[in-house]
1. Among the residues of segment 99-128, write down those that are at pLDDT 90 or above, part of a helix (DSSP H, G or I) and within 13 Å of the ligand (Cβ to nearest atom).
2. Are any of the residues in segment 69-76 of a type in the set (A, V, I, L, M, F, W, C), at pLDDT 95 or above and in contact with a Ser or Thr (Cβ under 6 Å, 6 or more places away or on another chain)?
3. Could you look through segment 27-49, keep only residues that are under 18 Å from Y71 (Cβ atoms) and of a type in the set (S, T, N, Q), and pick out the one that is nearest to the chain's Cα centre (by Cα)?
4. Among the residues in segment 94-103, are any of a type in the set (S, T, Y), surrounded by 15 or more Cβ atoms within 10 Å (Cβ to Cβ) and within 17 Å of the chain's Cα centre (by Cα)?
5. So, in segment 18-37, exactly how many residues are over 19 Å from R111 (Cα atoms), of a type in the set (G, A, S) and buried (at least 16 other Cβ atoms within 10 Å of the Cβ)?
6. Among the candidates K40, K2, K15, which residue alone is surrounded by fewer than 19 Cβ atoms within 10 Å (Cβ to Cβ) and touching a residue at least 60 places away in the same chain (Cβ under 8 Å)?
7. In the list S46, S23, which residue meets the criterion of being away from the ligand (no atom under 11 Å from the Cβ) and among the polar types (S, T, N, Q)?
8. Being within 14 Å of F10 (Cβ to Cβ) and of a type in the set (S, T, N, Q) is the filter; apply it to segment 139-164 and report the residue that is surrounded by the most Cβ atoms within 10 Å (Cβ to Cβ).
Amino acid sequence: MKKNIVLIGFMGSGKTTIGKLVSQKLGYGFIDSDELIEQKCGMKVSDIFNLYGEEYFREVEARVISEISDYTRVIISCGGGAVKQKSNIDSLRKKGLIIWLKTCIDEIYKRIQYNSVMRPLANGKSKEELEQMMAAREELYKKAHIFIDTSNKTINEIVDEIINIYVNQTPK
Ligand code: S3P
């Protein structure tokens, strides 16, 4: 059975944009963990953080991830901090090929600046602070089966690279 594709990586690494395109090309479903959390809670991620705090957000995130880990033939885009709970990666790994989109801090910083209000953990952070957060998570992202360095690649190149890896690595 073909596995799911699970995209992990820091905020702004392109998981959602790339995941949607991969899903279209493969004819698979697409799930964004943050979007599902927002649907379940009936509010934006930033409001969940502001009203209930990170700990509550992580609880809902873990429930959502446990649920979507059981789906079949889907591309899953995970919030950047989903890797903080080992149980999330363990669930996703059962039926998924986990790919880390590795993006350099300069690119991340540029992208995040445009939409930091929607990213409570990045809001108001300097480039150095974000770099530290990224470094602290590096070991967690390394739990992916594969990593793709997205530097100097177009979105379409990254999408094709993911599809090639997927087609060649997972049995039918
Ligand atoms: C977070 C990343 C966000 C979202 C939440 C927390 C993080 O998702 O889940 O704001 O801890 O890195 P994106 O990576 O899609 O921005």
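1. I108
2. To start, the set of residues in segment 69-76 that are of a type in the set (A, V, I, L, M, F, W, C) comprises 74-76.
Now restrict to residues that are at pLDDT 95 or above: 74-76.
Filter once more, so that each one left must be in contact with a Ser or Thr (Cβ under 6 Å, 6 or more places away or on another chain): 75.
The answer is yes, given that some residue of segment 69-76 is of a type in the set (A, V, I, L, M, F, W, C), at pLDDT 95 or above and in contact with a Ser or Thr (Cβ under 6 Å, 6 or more places away or on another chain).
3. Among them, the one singled out is S33.
4. Looking only at segment 94-103, we keep the residues that are of a type in the set (S, T, Y), and these are 103.
Now restrict to residues that are surrounded by 15 or more Cβ atoms within 10 Å (Cβ to Cβ): 103.
Next cut, within 17 Å of the chain's Cα centre (by Cα) only: 103.
Yes, some residue in segment 94-103 is of a type in the set (S, T, Y), surrounded by 15 or more Cβ atoms within 10 Å (Cβ to Cβ) and within 17 Å of the chain's Cα centre (by Cα).
5. So the count comes out to 2.
6. Details: K40 fails: touching a residue at least 60 places away in the same chain (Cβ under 8 Å); K15 fails: surrounded by fewer than 19 Cβ atoms within 10 Å (Cβ to Cβ).
Result of the check over K40, K2, K15: K2.
7. On the way: S46 fails: away from the ligand (no atom under 11 Å from the Cβ).
Only one candidate qualifies: S23.
8. Result: T150.
The values are calculated or read from the model by the stated rules, or taken from the named source; none is laboratory data. On a predicted model such as this, the values are computed, not experimentally measured, just so you know. Ideal geometry is used to build each Cβ from the backbone, glycine not excepted, and the neighbour counts take in all protein chains shown.
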